[in-house]
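The structure appears below as structure tokens.
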Amino acid sequence: MILTLIEHEAGLPEDTSLEALTLARDVAEQSGAPLETVVFGDEGGAVADEIGAYGVGAVHAVSHPELDTYAPGAWAESIAQLVDELAPEAVVVPGSARGHEVLAHAAAKLDLAMAANCIEVETGDSYELTRQRWGGTLLEHARLSGETKLLSAAPNEISAEPADGGEAAVQAFEPDLAESDLRVQITRVEESDEEGIPLGEARTVVSGGRGVGSPEGFDKLEELADLLDAAIGSSRAAVNEGWRSHDDQIGQTGTKISPRLYMPCGISGAVQHMVGCKGAENIMAVNTDPEAAIIQKAEYAVIADLHEVVPELNDRLRGIDA
């Protein structure tokens, strides 16, 4: 059996979880093993309605009187107990912050190795893996052994694809948790006061870097984003200057995006930034330097001053709307 962790919001699976489920189904098909999932939260059982189409046979809905919010130690202990009880061939988690945190804890508890950010798996006595390193700038071929293989799916790299499947059965599971498993929990959630489309979900993203020149320089970029129904982002340089908040940062230490169109303006294209935008289908860069790294990576390039290009583009787009 292949066991997959599903993160969800009110019973709706996160996109990264469906990507992990697609990879896990491929592993299950290679091994001739059933595909099952584990979910947490009172609304976890509702996930069964959404993931049955992905070939899932059973959903293990974890509940505990004291486990009413995210607690990494408790989630990991629950997965470790399920591994002991079900003896799965592999556990696959989404390549999210929670997925990696929980699987790392579970690996330590089970004394097993884990492999992060996998994009391809060939099964056998040991698994042959292709996985991302250095934010996706390097592909590593590795071998993973162990009684149960623990791995995460690289986010935004695997297309979530339903399969011929029926209704998944829901099986309640109550773990035996110690007080120490619950010592770290989320106590409150503070919503960001940032408005607009979240960077990670946007299909079009406009961003600015050091070349924007000032906080006020982003006004025209924000106008362009509004006209394109796009999200607004920035480089790390603009964040370090205090022109934009960290919520806007695109890159290895910021948000990773995968829009249909990405428009970086006044951004040189350092490796750390390219890690964050490599999932973009098309890049249209605006930069005065034809030798800038971002220009070399772009499908389309405008070699000009963004302070001239962006206002002109805004005028043309307003004319179209009119």
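The values are calculated or read from the model by the stated rules, or taken from the named source; none is laboratory data. In this text, all values refer to a predicted model and were calculated from it rather than measured experimentally. Counting neighbours? That spans all protein chains shown, and the Cβs are built from the backbone with ideal geometry, glycine included.
Working carefully through the options Asp84, Asp111, find the one that is within 22 Å of Val56 (Cβ to Cβ) and surrounded by fewer than 20 Cβ atoms within 10 Å (Cβ to Cβ).
Numbers: Asp111 fails: within 22 Å of Val56 (Cβ to Cβ).
Answer to the selection: Asp84.
Could you go through region 297-319 and let me know if any residue there is among the polar types (S, T, N, Q) and surrounded by fewer than 16 Cβ atoms within 10 Å (Cβ to Cβ).
Here is the first cut: in region 297-319, the ones among the polar types (S, T, N, Q) are 314.
With surrounded by fewer than 16 Cβ atoms within 10 Å (Cβ to Cβ) added as a condition, the list becomes none.
Scanning region 297-319, I find no residue that is among the polar types (S, T, N, Q) and surrounded by fewer than 16 Cβ atoms within 10 Å (Cβ to Cβ), so the answer is no.
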| note | Only unsatisfied item for Asn314, checking (1) in a loop (DSSP other than H, G, I, E, B); (2) in contact (Cβ under 8 Å) with a residue 60 or more places away in the chain, is (1)
| query | In the list Glu216, Glu179, Glu174, which residue meets the criterion of being of a type outside the set (A, V, I, L, M, F, W, C) and surrounded by 13 or more Cβ atoms within 10 Å (Cβ to Cβ)? | reply | Glu174
| Any chance Leu103 is modelled with pLDDT under 95 and assigned by TED's automatic domain parsing to the domain that holds Leu12 | no
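Only one residue in Trp75, Trp134 is of a type in the set (Phe, Trp, Tyr) and under 22 Å from Glu14 (Cβ atoms), so which one is that? Even if it seems obvious, please write down each step before you answer.
Numbers: Trp134 fails: under 22 Å from Glu14 (Cβ atoms).
Among Trp75, Trp134, only Trp75 is of a type in the set (Phe, Trp, Tyr) and under 22 Å from Glu14 (Cβ atoms).
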| request: Can you give me the number of residues within region 64-79 that are over 19 Å from Ser17 (Cα atoms) and either aliphatic (A, V, I, L, M) or surrounded by fewer than 21 Cβ atoms within 10 Å (Cβ to Cβ) (or both)? | output: 7
| field | Residue, nearest to Glu174 (Cα to Cα), within region 16-64, restricted to residues that are of a type in the set (D, E, K, R) and at pLDDT 90 or above | value | Glu36
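From the list Val27, Val92, Val39, which residue is buried (at least 18 other Cβ atoms within 10 Å of the Cβ), within 18 Å of Gln132 (Cβ to Cβ) and touching a helix residue (DSSP H, G or I) at 6+ places or on another chain (Cβ under 6 Å)? Outline the logic, then answer.
Numbers: Val27 fails: touching a helix residue (DSSP H, G or I) at 6+ places or on another chain (Cβ under 6 Å); Val39 fails: within 18 Å of Gln132 (Cβ to Cβ).
Only one candidate passes the filter, namely Val92.
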| said: Please verify whether Ala169 is touching a helix residue (DSSP H, G or I) at 6+ places or on another chain (Cβ under 8 Å), hydrophobic (A, V, I, L, M, F, W, C) and touching a residue at least 24 places away in the same chain (Cβ under 8 Å), treating the condition exactly as stated. | reply: yes
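Restricted to region 159-213, and to residues that are in a helix (DSSP H, G or I) and touching a Gly at 6+ places or on another chain (Cβ under 6 Å), which residue is modelled with the lowest pLDDT? Let's see the steps before the verdict.
We begin by selecting, within region 159-213, every residue in a helix (DSSP H, G or I); these are 179-182, 199-201, 210-212.
Pick out the ones that are also touching a Gly at 6+ places or on another chain (Cβ under 6 Å) and you get 181, 199, 211-212.
Numbers: Asp181: 95, Leu199: 88, Gly211: 95, Val212: 96.
Across region 159-213, the extreme among qualifying residues is Leu199.
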| note | Over region 148-158, the set of residues within 19 Å of the chain's Cα centre (by Cα) and outside any loop (DSSP other than H, G, I, E, B) is Leu150, Leu151, Ser152, Ala153
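Is region 136-147 home to any residue that is among the polar types (S, T, N, Q), more than 25 Å from Pro34 (Cβ to Cβ) and surrounded by 17 or more Cβ atoms within 10 Å (Cβ to Cβ)?
Here is the first cut: in region 136-147, the ones among the polar types (S, T, N, Q) are 137, 145.
From what's left, more than 25 Å from Pro34 (Cβ to Cβ): 137.
Applying the additional criterion that residues be surrounded by 17 or more Cβ atoms within 10 Å (Cβ to Cβ) yields none.
There is no residue in region 136-147 that is among the polar types (S, T, N, Q), more than 25 Å from Pro34 (Cβ to Cβ) and surrounded by 17 or more Cβ atoms within 10 Å (Cβ to Cβ).
For a quick check of your reading: which helices (runs of 4 or more DSSP H) sit entirely within region 1-111 and have at least 3 residues that are touching a residue at least 12 places away in the same chain (Cβ under 8 Å) and within 25 Å of Glu147 (Cβ to Cβ)?
Details: elements: 15-31, 47-51, 72-86, 97-110.
Those helices (runs of 4 or more DSSP H) span 15-31, 72-86, 97-110.
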